[in-house]
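The values are calculated or read from the model by the stated rules, or taken from the named source; none is laboratory data. Worth saying up front: this structure is predicted, and the values here are computed from it rather than measured. Glycine gets a Cβ as well: all are built from the backbone with ideal geometry, and neighbour counts include every protein chain shown.
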Amino acid sequence: MSAVRIERLVTSGQFTLDGGTWDVENNVWIVGDDREAIVVDAAHDAGVITEAVGDRRLTAIVCTHAHNDHIDAAPELAARTGAPILLHPDDLPLWKQTHPDRMPDGELADGRVLTVAGTELTVLHTPGHAPGAVCLYAPGLTALFSGDTLFAGGPGATGRSYSDFGTIVESIRDRLLTLPGETVVHTGHGETTTIGAEAPHLQEWIARGC
């Protein structure tokens, strides 16, 4: 049996919300072994993602939230691979802004456990950046897939519609800072970090948000 591994793709595109558009680079995470995998955040380029998955069975396309830059390639990737698209239902209003004629295939709920290649990933509902934002925690990999909830340097942005600073601070305090410090945080944009590295200055953000 091959070892479970985490692969990172960086794709480029645009983020659009509230009448503005910005050029962005997104991290697409593939978790699995030589036989099967899941994709976390199908951003911008279904062809590149499909090529990276290769001949493995794709068991799920997990959306950490429904900002367009994290979901724009999800329907095409699903059509190419047959994998279901999973999203927390609180983000359906955002999803429909990008894909009004294509609903997700299944719901993510807090505490749901997804299994790929024998490895468990637990869904943590972490609203704030978006109402249905989630992280995936894989203790067996010492890994957290944080979407745009937590970055190297602080919380995700909350200055646009459907977001709230106090809520994201509460999510980070109650759901993420309780994880082991060595947990590697695989973010939606930029470089990885660890819970331990972020904890000191996150305490400052928490103080501001409470």
Going through 113, 62 one at a time, which residue ends up being surrounded by fewer than 16 Cβ atoms within 10 Å (Cβ to Cβ), under 25 Å from residue 5 (Cα atoms) and touching a Leu at 6+ places or on another chain (Cβ under 9 Å)? 113
Does residue 124 satisfy being touching a helix residue (DSSP H, G or I) at 6+ places or on another chain (Cβ under 7 Å), assigned to a strand (DSSP E or B), over 23 Å from residue 10 (Cα atoms) and among the hydrophobic types (A, V, I, L, M, F, W, C)? yes
What about residue 90, is it at positive phi, acidic (Asp, Glu) and at pLDDT 95 or above? no
Boolean, residue 86 is assigned to a strand (DSSP E or B), within 15 Å of residue 32 (Cα to Cα) and not polar (S, T, N, Q): no
Being within 27 Å of residue 23 (Cβ to Cβ), among the charged types (D, E, K, R) and crowded, with 18+ Cβ neighbours inside 10 Å is the requirement here; does residue 101 meet it? no
Out of everything in region 1-49 that is in a strand (DSSP E or B), of a type in the set (D, E, K, R) and out of contact with any Gly (no Cβ under 9 Å at 6 or more places or on another chain), what residue ends up being farthest from residue 147 (Cα to Cα)? 36
Run residue 193 past the list (1) surrounded by fewer than 16 Cβ atoms within 10 Å (Cβ to Cβ); (2) in contact with a strand residue (DSSP E or B) (Cβ under 9 Å, 6 or more places away or on another chain); (3) of a type outside the set (A, V, I, L, M) and report the number of the one that doesn't hold. (1)
I'd like to know if region 156-179 contains one or more residues that are on the phi > 0 side of the Ramachandran plot, of a type outside the set (D, E, K, R) and in contact with a Phe, Trp or Tyr (Cβ under 8 Å, 6 or more places away or on another chain). no
Scanning region 53-77 for residues that are more than 12 Å from residue 32 (Cα to Cα) and part of a helix (DSSP H, G or I) gives 68, 69, 70, 71, 74, 75, 76, 77
Tally up the residues in region 185-210 that are more than 25 Å from residue 68 (Cα to Cα) and either not charged (D, E, K, R) or not in a helix (DSSP H, G or I) (or both), please. 14
